[in-house]
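Notes follow once the structure below has been shown.
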Amino acid sequence: MTDLLIHDAIVVTMDRENRVLENGSVRVSDGTVSSVEPTDPADRDATASRVIDADGKVVMPGLVDAHRHTDFTLVQGLFSELAGDELLTEALSLYHTAESALGESFFEAGWRLACLRQLTHGVTTVNAMDFTPAIGAEAIGDAGLRGVIGPELADLLDPAPADEQIADARRFIETYHGSHGGRVTASIAPGGEAGCSRELWEGVADLRAAYPDLRLHTHLYDSAAADTMAAGSGASDPLDLLDRYDLLDERTLLTHLLHADRDDAGRIAESGAHVLHCPTVYSYFRSGGRSWFPLPSLSEFGANVVIGLDDPFWFDSWDLIQEAKHARLLSNYEYGSQQWSSYDLLEAITVDAARALGLDDRIGSLEPGKRADLIVVDVDTPRHRPFSNLPSVLVNTVTAGDVETVVVDGRVLMADRSVESMDVESVRAAATRERERLESRTGWETSLAGSTPPDESILRRVSSRALLRAARQYGRGALARWVR
Ligand SMILES: [Zn+2]
């Protein structure tokens with residue numbers, strides 16, 4: 001029995017043969033893709049619980065955001081016009097007080113809004129690192145989405161001691177790994193070389209030994225001081241630090257690598273670790289000297305490089321397709337043209353990202369036997385047609401606004417741009433209510449013209465100059481780790 005049949009689509013399978021069907025049908029039974037074949041005229045009259053006529057539109061795997069933080073979704077719009085240094089100051093100040101001033105309802109409303117945005121942007125799977133992982137697991141699960149969630153661990157920058165953080169992470173893994181029908185899984189997520197003591201790294205190594213199937217998800221080399229910080233833990237550099245705790249292998253996800261060099265790229269590729277690249281945040285808020293991740297060397301050595309949004313609420317875009325476009329623009333600007341092909345970029349936000357997360361046996365491509373995570377993209381408009389190079393259209397012309405239908409695990413979550421798995425009005429109402437609380441309790445003022453920080457910054461009021469100095473030193477990646 002077919003539960004879902006999509007016919008007359010351009011099917012971009014992203015399978016091993018890179019098959020594209022000009023006029024194809026996808027059948028789904030029990031949440032699994034049962035066939036991907038050329039459309040038979042009989043498909044148009046076939047019976048299935050749900051039939052989607054995708055004539056002239058693209059059906060492709062759901063998008064995979066390989067690196068994201070979510071807790072502070074509701075600060076969106078506050079930082080958009082700030083310089084990099086100002087962002088550090090204001091975000092640190094706000095984050096430092098948010099939990100006590102705003103409480104759990106603020107983060108709950110933020111996660112729900114993030115899920116709604118993720119869904120309507122065609123992102124079916126997210127790899128998240130957050131301080132409110134349990135709220136996140138429930139939100140992702142309830143929305144019908146797929147997510148890998150890691151409780152962010154960083155004892156040098158967070159008042160909770162290392163053993164407490166490790167115990168919390170263990171509880172999260174035991175409770176949520178494999179929950180919501182297997183759509184929600186856990187990762188082990190130390191913040192990076194900047195924020196973790198030796199004791200915490202030892203705890204992380206123990207967690208990994210106890211849960212060998214989980215991904216290790218961390219930031220690395222996001223600051224020029226990365227080697228110095230690794231030296232503080234007795235290692236010669238950040239990769240050596242991971243090596244010492246047996247944490248560098250094909251189950252490891254390394255985010256940013258802005259200050260890594262060719263030698264590091266070779267070591268990463270040899271280890272089989274995956275690279276998570278987030279181009280927008282570092283170009284939008286650049287401060288100080290320019291340094292970009294070593295893409296040519298990573299490509300030369302054959303490392304798997306995939307793409308994530310990082311902090312989409314800092315720069316007001318949740319569009320992973322645009323993020324892929326930025327990856328190409330910034331890499332080509334830095335290293336010369338042809339750093340990525342259009343098809344490379346599609347792989348980086350679908351099948352290669354699924355491989356990085358260890359989910360490629362279930363998702364990332366449209367093939368019989370895989371779970372049915374897919375999107376329908378409307379390219380049948382004068383904005384797109386006529387075209388010849390479909391991968392180029394999908395990463396250069398298409399935006400997330402062209403995604404009209406989203407399916408996860410065979411369930412239709414959005415059809416013709418109408419969300420079916422979430423109560424959109426209640427998500428909006430809660431987000432609006434919590435934004436008003438944010439303003440009344442922190443002194444931020446917002447209007448259609450922009451946002452104004454409080455006259456007297458909270459940071460100055462609590463005399464946390466040392467925190468600010470450290471945030472500047474450690475870079476923006478360390479910011480979120482100050483709050484718990
Ligand atoms: Zn990050």
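The values are calculated or read from the model by the stated rules, or taken from the named source; none is laboratory data. Since we're looking at a predicted model, the values are computed, not measured. Every residue, glycine as well, gets a Cβ built from its backbone with ideal geometry; the counts of neighbours run over all protein chains shown. The area values use the complete protein model at the heavy-atom level, side chains included, leaving out ligands, DNA and RNA. Shrake-Rupley method; radii C 1.70, N 1.55, O 1.52, S 1.80 Å.
Below, the figures for the structure above:
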| quantity | calculated |
| --- | --- |
| Built amide H within the under 5 Å cut-off of residue 187, gap 5+ | 149, 150 |
| Cut-off under 5 Å, modelled amide H: who pairs with residue 307 long-range | 66, 277 |
| Contour minus Cα-Cα distance for residue 224 and residue 206 (0.36 nm per residue) | 3.6 nm |
| Length released on extending from residue 429 to residue 332, taking residue separation times 0.36 nm less the Cα-Cα span | 30.7 nm |
| Probe 1.4 Å - accessible area at residue 284, Å² to nearest ten | 100 Å² |
| Total formal charge among the other residues, if their Cβ is under 15 angstrom from that of residue 30, Lys/Arg +1 and Asp/Glu -1 | +4 |
| For the stretch 1-102, average projected area of the Cα convex hull in nm² | 11.1 nm² |
| Residue-averaged [θ]222 nm for the chain, counting only DSSP H segments that reach four residues, each worth -39500 (n - 2.57) | -11000 deg cm²/dmol |
| For residue 24, distant residues with modelled amide H under 5 Å away | 8, 9, 10, 11, 39 |
| Neighbourhood net charge (11 Å Cβ-Cβ; Lys/Arg +1, Asp/Glu -1) for residue 241 | -3 |
| Semi-axis lengths, Å, the chain, gyration tensor of Cα atoms, sqrt of 5 times eigenvalues | 36, 25, 22 |
| Given 15 as the ceiling on other Cβ atoms within 10 Å, longest exposed-site-free region of the chain for GluC sites (Glu not before Pro) in DSSP loops | 251-419 |
| Relative contact order [Cα under 8 Å, 6+ residues apart], the chain, whole percent | 22 percent |
| Note, ³J(HN,Hα) from phi for the stretch 218-228, Karplus 6.51, -1.76, 1.60, rounded to Hz, x at Gly and Pro | 8, 8, 8, 6, 8, 9, 5, 8, 4, 5, 4 |
| Spatial separation of Cα centroids for the stretch 348-362 and the stretch 57-132, in angstrom | 22 Å |
| J(HN,Hα) series, the stretch 151-163, from Karplus relation 6.51 cos²θ - 1.76 cosθ + 1.60, nearest Hz, glycine and proline x | x, 6, 10, 6, 7, 6, 10, 9, x, 6, x, 4, 5 |
| Inter-centroid distance (Cα atoms) of the stretch 365-439 relative to the stretch 1-31, Å | 17 Å |
| Calculated FRET efficiency for the pair residue 1/residue 283, C-beta based, R₀ 41 Å, to 0.05 | 0.25 |
| Net lengthening on full extension, residue 416/residue 385 (0.36 nm per residue, minus Cα-Cα) | 9.2 nm |
| Under the Karplus curve 6.51 cos²θ - 1.76 cosθ + 1.60, θ = phi - 60°, whole-Hz ³J(HN,Hα) for the stretch 45-53, x wherever Gly or Pro sits | 10, 5, 9, 7, 4, 9, 10, 10, 8 |
| Accessible area of the stretch 97-192 belonging to carbon and sulfur atoms, whole % at 1.4 Å probe | 51 percent |
